[in-house]
1. Could you give the dipole magnitude of the stretch 188-290 about its Cα centre, charging the beta-carbon of Lys and Arg +1 and that of Asp and Glu -1, in debye to the nearest 20?
2. Using Stokes-Einstein with the Kirkwood hydrodynamic radius over Cα pairs, what translational diffusion coefficient do you get for the stretch 295-352 at 20 °C and a viscosity of 1.002 mPa s, in µm²/s rounded to a whole number?
3. Given axes a ≥ b ≥ c from the Cα gyration tensor, I'd like to know whether the chain is rounded (a/c under 1.5), prolate (a/b larger than b/c) or oblate.
4. Which pairs, out of Lys156/Lys331; Lys211/Lys313; Lys293/Lys331; Lys22/Lys101; Lys156/Lys369, put more than 23 Å between their alpha-carbon atoms?
5. Rounded to the nearest 20 debye, what is the charge dipole size of the chain about its Cα centre when +1 sits on each Lys and Arg Cβ and -1 on each Asp and Glu Cβ?
6. For the charge dipole of the stretch 59-185, defined by +1 on Lys and Arg C-beta atoms and -1 on Asp and Glu C-beta atoms about the Cα centroid, which residue among Phe148, Ser165, Thr67 has the Cα displaced farthest towards the positive pole?
7. Which net charge results for the neighbourhood of Ala200, defined as the other residues with beta-carbon distances under 12 angstrom from its beta-carbon, given Lys and Arg at +1 and Asp and Glu at -1?
8. Measuring from a point 7 Å past the Cα of Phe184 along Cα-to-C-beta, which residues in the stretch 257-291 have an amide N at less than 14 Å?
Amino acid sequence: MLRNPRVIVIDQQPVNRAEVQKMLALSGFAVLGEGGYGIEALSLAKEVQPDAIVMALEEPLVRALQTMEALSDLLPESPIVVYSSINDAANVRKAMQVGAKDYLVTPLKEEELIRCMHAALSQEERRRQLLAGELEAPAAAGTVITVFGAKGGIGKTTIAANLASAIVAQSNQSVVLVDLDTRFGDVAILMDIPVERSIANLAMPEEEITKEIIEECLYTHTTGIRVLPAPIRPTDWRNVHAGHIERIVGVLTQSYDYVILDTPGTFNDIVARALELASICLLIATVDMASLKDTLLALDMLRSWSFPSERLKLVINSTNDVNNLQPQDIKRMLGREVFWTIPFDRVVTTSSQSGIPVVVAKPDTAAAKSLTEMALALSGARRQKPAAAASSETHRGLFGRFRGQANGNARQGEKEEEKIAAKVE
């Protein structure tokens, strides 16, 4: 995509145009002009030939839609992103029919507008490259689910293994589980798989990594999932880099319906690439103070990367039977809705020791049912289950402690975030 995309803003209201222009300029867009509907808009577009158009859709709708259609005909390669106070489906459909690439309902949020602009420009660039023969036609691709958390010991690997097993058991779709934990990869131990081959065996020139070579490093678990384990020794990761991960995942998505990536509780270039490749990112957290604090930092980091918020789903894993927080409290702390809450269940630990995920070994237990429902919700097989309510006991104490610590340690948090950012870079 262009470094500083050139845009124009079309809106009948000068005050609105100025506000939108400010949002775009602060995010690196070059705003070449602004104007109202009709001849003014068409003359401006013809003169400056923008890369994209941001346009309001308000009364009179007939004139606005006529202007939009004319702009689309004049500049078919310049995507039009619409914003409007009208949110009924009929008008959204009309806008799409005459050329709108995306439709935002006011009041506008800067982050949402910028994300939509980048997406529209990227899609147009990809379409142009495909038409020009510069890109190969896209192959069928599976869904990449990255299981991520800001610290270790919060149950990421257990969740990843059970999620993979539940999808296979409930939908009969193909799943491969990839262990990307560069410190202590435990997928093989959890699944009782003796490791002779691992992802470290794929540390070769990226163009040489083929489906056949990858298949030689995969193991088939009794649940039916395929597993690409981490090497036994952490030092064996030294020759594996982010480019290898992108190639491996890209090849796997052409053969499997789901590719599940289990990541370590830290930030590095491999984790960053796993997040970039994710169709869905499950951000795992527990309700202890350390996990919530680290999760807040992780959310800030993802926000600074402009990570698409619609791909991110917050999962609360209850690792003990003392849970005094409810989903609405966590939402207030982290500024994000809880997608799923997994209840505490002692049988999860005993099941893990047997090498069989709890969704298969003990499917009628509380944790197994919750994990299975989450797998169904993610795979689209069943409507999403609401986040489970936690204990109704008083919870102000922990909430107050969290807010107090967050305020009292603001400077420390900023320093930690800077360290994380430096690691990723």
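1. Magnitude of the dipole: close to 140 debye.
2. 165 µm²/s
3. In terms of gyration-tensor shape, prolate.
4. Cα-Cα > 23 Å for Lys211/Lys313; rest within.
5. 1040 debye
6. Ser165
7. Net charge around Ala200: 0.
8. Taking a point 7 Å out along Cα→Cβ of Phe184, the residues of the stretch 257-291 whose backbone N falls under 14 Å are 264-266.
The values are calculated or read from the model by the stated rules, or taken from the named source; none is laboratory data. This is a predicted model, so every value here is computed, not measured. Backbone-built Cβ (ideal geometry, glycine too); neighbour counts: all protein chains shown. For the accessible areas, the whole protein counts, side chains as well, though only heavy atoms, and no ligand, DNA or RNA atoms are used. Shrake-Rupley method; radii C 1.70, N 1.55, O 1.52, S 1.80 Å.
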